[in-house]
Amino acid sequence: MTDATLRALAAGSTVLGYLGLCFAVYWRQRLRLQATARAAAALAGDGTEPASLVLFASQTGQAEAIAWQTAGWLREAGTPVRVMSLNHVDANALRNARSALFVASTYGEGDAPDGASVFAEQMMGSAADFSSLRYAVLALGDRRYANFCGFGRALDEWLHSAGATRAFERIEVDNGDPATLAAWQARCGGSDVVAQAEPPNGTNAMPWRLATRKLLNAGSAGAPVYHLAFAPPPGHEAHWESGDIAQVTVASDPGRPRDYSISSIHADGELQLLVRQEQHPDGTLGAASGLLTSTLAVGDTVALRLRPHRNFHLADNAQRPLILIGNGTGLAGLRSHLRARAAAGQHDNWLVFGERNAPHDFLYRAEIEAWLADGVLRRLDMVFSRDQAERLYVQHRLLQASGDVLSWIGRGAAVYVCGSLQGMASGVDAALRQIAGDALMRDLTAGGRYRRDVY
Ligand SMILES: Cc1cc2nc3c(=O)[nH]c(=O)nc-3n(C[C@H](O)[C@H](O)[C@H](O)COP(=O)(O)OP(=O)(O)OC[C@H]3O[C@@H](n4cnc5c(N)ncnc54)[C@H](O)[C@@H]3O)c2cc1C
Ligand SMILES: Cc1cc2nc3c(=O)[nH]c(=O)nc-3n(C[C@H](O)[C@H](O)[C@H](O)COP(=O)(O)O)c2cc1C
């Protein structure tokens, strides 16, 4: 055989190989789309109008992200999908839909997350008839809480008692368990290819370098609180909005990533956190907070994943007055908003912040006092619970200032709460309800004017 023939044969086999590869890819894709279409049809029933709703009940965005992913799988199969937060759904939307997939997390003590609290209160409190609806529920939860998947279960039972038909049994996910999530994916005809219909656009985990660590509450009666600043990975343009979350995965406990509210804004050029050092009863440090506040040395890197926290963004409230309420490390989320407001020249802000003792626990004191002096804060209420004989908390200050709270809300203010769920956020919620009434608080929640980052 001549060289030219050999070259021609070699070229021919390359082309054939390439065509074979293309065909294999095409065939795999075809089988995958057929499987997806079968699953989507099963979900939609045998109706001719397969419009599906994918509805999420989410606090910090995990259920929301899974909902968008689920919508992506259905769209791949040609099913028209609408993705909505439960608080934005009414009975008509459910009655008119052929099918609905619910992705529901649980918060508080078995409660609905804020993004579904109005739905839970208004819709689930009464009987309904959804006999033409086919549905399925993916319930997200964590078995360490007493009421595992409490809201997902209640939602499923309520839909079932309203005559809706389960397309398949409820799937319960403990702490993001990949195997149960894969079962949901298979039920929805999801392909291995990540189908993201849209929103959540957090980053993959990246190595951020610890640039600064500073103890902010020396001498405090409480556990140490540190300010941490991280430099981005070289060449990496990180983006986040005020209110977003940085997630830390600890090698010794890979099952459960820990969330931290980001306390700086993108323009600061570094990612800052405010972290309280947890100590277990046996004296060992909390897995993630111990890593961040002790094990990690300045100059070391840690893998951080940035996740959008849509429930806590400024969003449509950017032009409104803000009442920012929090305690302890909750100052992190409030500080990122205040830094964003200062940068935008938006000075109509009222900060109500609680800690233990002024001499030790006035976190970011210089910055807060400068905001007051510069007018970034129109009003400041620092509430130190142990500086007087009787214990005084932020919720008490709100009740004392109830007239002003009402007049701020009356001129359009939005309310942001960040910090402890137990004690602080539940007390603040009760105080706001006492001041403004349940109906107004429901309107504020539904309208995105009452937003919480509480844990
Ligand atoms: C949306 C959100 C935002 C948050 N933002 C912040 C923030 O800005 N700043 C901040 O400091 N925190 C924040 N947190 C809390 C944070 O995510 C962590 O939960 C916290 O730092 C504790 O994690 P850890 O790994 O250090 O503790 P872990 O090791 O998980 O321990 C936590 C607790 O679990 C129990 N426990 C766990 N292991 C043991 C054991 N071996 N023995 C005995 N008891 C044990 C103990 O009660 C212990 O106190 C936020 C949480 C959420 C959900
Ligand atoms: C403050 C807090 C309270 C929680 N309460 C419960 C609960 O009572 N029952 C449960 O199963 N899971 C509970 N969880 C776990 C969440 O449901 C779980 O982490 C879920 O994946 C969060 O999804 P989301 O980001 O969409 O809100 C709680 C989580 C937090 C941070």
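Which of the numbered conditions does GLY47 fail, given that it passes all the others? Conditions: (1) at pLDDT 50 or above; (2) more than 16 Å from ligand 1 (Cβ to nearest atom).
(1)
Could you list all residues from region 49-97 that are among the β-branched types (Val, Ile, Thr) and within 18 Å of SER117 (Cα to Cα)?
Within region 49-97, VAL54, THR60, VAL83, VAL89 qualify.
Quick one: in region 235-259, of everything that is without any contact (Cβ under 8 Å) to a residue 24 or more places away in the chain and outside any strand (DSSP E or B), which residue is farthest from ligand 1 (Cβ to nearest atom)?
Of everything passing the filter in region 235-259, GLY235 is farthest from ligand 1 (Cβ to nearest atom).
For region 304-315, give me each residue that is surrounded by fewer than 20 Cβ atoms within 10 Å (Cβ to Cβ) and within 25 Å of PRO234 (Cβ to Cβ).
ARG305
Can you find a residue in region 377-396 that is touching a helix residue (DSSP H, G or I) at 6+ places or on another chain (Cβ under 8 Å), within 16 Å of ligand 2 (Cβ to nearest atom) and of a type in the set (Val, Ile, Thr)?
No, region 377-396 has no match at all.
Of the numbered conditions (1) open to solvent by less than 10 Å² (accessible area, probe 1.4 Å); (2) more than 16 Å from ligand 1 (Cβ to nearest atom), SER117 satisfies every one except a single condition; which is it?
Here SER117 meets the rest and fails (1).
Kindly indicate the residue of region 358-379 that is over 22 Å from LEU273 (Cα atoms) and either touching a His at 6+ places or on another chain (Cβ under 9 Å) or at pLDDT below 95 (or both) and also most open to solvent (accessible area, probe 1.4 Å) among those meeting that condition.
Taking the candidates together, the pick is ARG378.
Across region 400-421, what is the total count of residues that are over 23 Å from ASP361 (Cα atoms) and open to solvent by 30 Å² or more (accessible area, probe 1.4 Å)?
Qualifying residue count for the region: 7.
Only one of (1) touching a strand residue (DSSP E or B) at 6+ places or on another chain (Cβ under 7 Å); (2) within 23 Å of GLN59 (Cα to Cα); (3) modelled with pLDDT under 95 fails for ILE245. Which number is that?
(3)
Residues checked against (1) of a type outside the set (A, V, I, L, M, F, W, C); (2) more than 16 Å from ligand 1 (Cβ to nearest atom); (3) under 23 Å from the mean Cα position of the chain (by Cα):
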position	(1), (2), (3)
ALA182	no, yes, yes
GLY202	yes, no, yes
TRP208	no, no, yes
LEU215	no, no, no
PRO233	yes, yes, no
SER261	yes, no, yes
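Could you check, for region 430-447, whether at least one of its residues is within 16 Å of ligand 1 (Cβ to nearest atom) and buried (at least 21 other Cβ atoms within 10 Å of the Cβ)?
There is no residue in region 430-447 that is within 16 Å of ligand 1 (Cβ to nearest atom) and buried (at least 21 other Cβ atoms within 10 Å of the Cβ).
Among the residues of region 224-231, is any among the small types (Gly, Ala, Ser), over 30 Å from GLY72 (Cα atoms), open to solvent by less than 20 Å² (accessible area, probe 1.4 Å) and near ligand 1 (Cβ under 7 Å from one of its atoms)?
no
Look at ALA71 and say whether it is in a helix (DSSP H, G or I), among the aliphatic types (A, V, I, L, M) and modelled with pLDDT of 90 or more. Please lay out each step first, then the result.
On the way: in a helix (DSSP H, G or I): yes; among the aliphatic types (A, V, I, L, M): yes; modelled with pLDDT of 90 or more: yes.
Against the criterion (in a helix (DSSP H, G or I), among the aliphatic types (A, V, I, L, M) and modelled with pLDDT of 90 or more), ALA71 qualifies.
Only residues that are closer than 28 Å to GLY72 by Cα and either open to solvent by 20 Å² or more (accessible area, probe 1.4 Å) or within 16 Å of ligand 1 (Cβ to nearest atom) (or both): list them for region 125-145, please.
SER131, SER132, ARG134, LEU140, GLY141, ASP142
Okay, residues lined up against (1) assigned to a loop (DSSP other than H, G, I, E, B); (2) free of Cβ contacts under 8 Å to residues at least 40 places away in the same chain; (3) acidic (Asp, Glu); (4) in contact with a Phe, Trp or Tyr (Cβ under 8 Å, 6 or more places away or on another chain):
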residue	(1), (2), (3), (4)
SER289	no, yes, no, no
LEU292	no, no, no, yes
GLY299	yes, no, no, no
ASN311	no, no, no, no
ILE325	no, no, no, yes
LEU331	no, no, no, yes
HIS337	no, no, no, yes
ARG341	no, yes, no, no
GLN346	yes, yes, no, no
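Tell me yes or no: at least one residue of region 333-350 is closer than 18 Å to THR60 by Cα, within 16 Å of ligand 2 (Cβ to nearest atom) and open to solvent by less than 50 Å² (accessible area, probe 1.4 Å).
The answer is yes, given that some residue of region 333-350 is closer than 18 Å to THR60 by Cα, within 16 Å of ligand 2 (Cβ to nearest atom) and open to solvent by less than 50 Å² (accessible area, probe 1.4 Å).
Just to be sure before I move on: is LEU363 over 19 Å from the mean Cα position of the chain (by Cα), outside any strand (DSSP E or B) and of a type in the set (A, V, I, L, M) in the structure I sent? Break it down into steps so the answer makes sense when it comes.
On the way: over 19 Å from the mean Cα position of the chain (by Cα): yes; outside any strand (DSSP E or B): yes; of a type in the set (A, V, I, L, M): yes.
Answer is yes for this residue.
Across region 253-303, which residue is farthest from ligand 2 (Cβ to nearest atom) among those that are open to solvent by less than 20 Å² (accessible area, probe 1.4 Å) and hydroxyl-bearing (Ser, Thr, Tyr)?
Here the residue is SER264.
Consider ARG75 against the criteria (1) buried (at least 21 other Cβ atoms within 10 Å of the Cβ); (2) in contact (Cβ under 8 Å) with a residue 60 or more places away in the chain: it satisfies all of them except one. Which criterion is unmet?
(1)
The values are calculated or read from the model by the stated rules, or taken from the named source; none is laboratory data. Since we're looking at a predicted model, the values are computed, not measured. Please note: Cβ atoms are built from the backbone with ideal geometry, for glycine as well, and neighbour counts cover all protein chains shown. Protein only, heavy atoms only, side chains kept; ligands, DNA and RNA dropped before computing areas. Shrake-Rupley method; radii C 1.70, N 1.55, O 1.52, S 1.80 Å.
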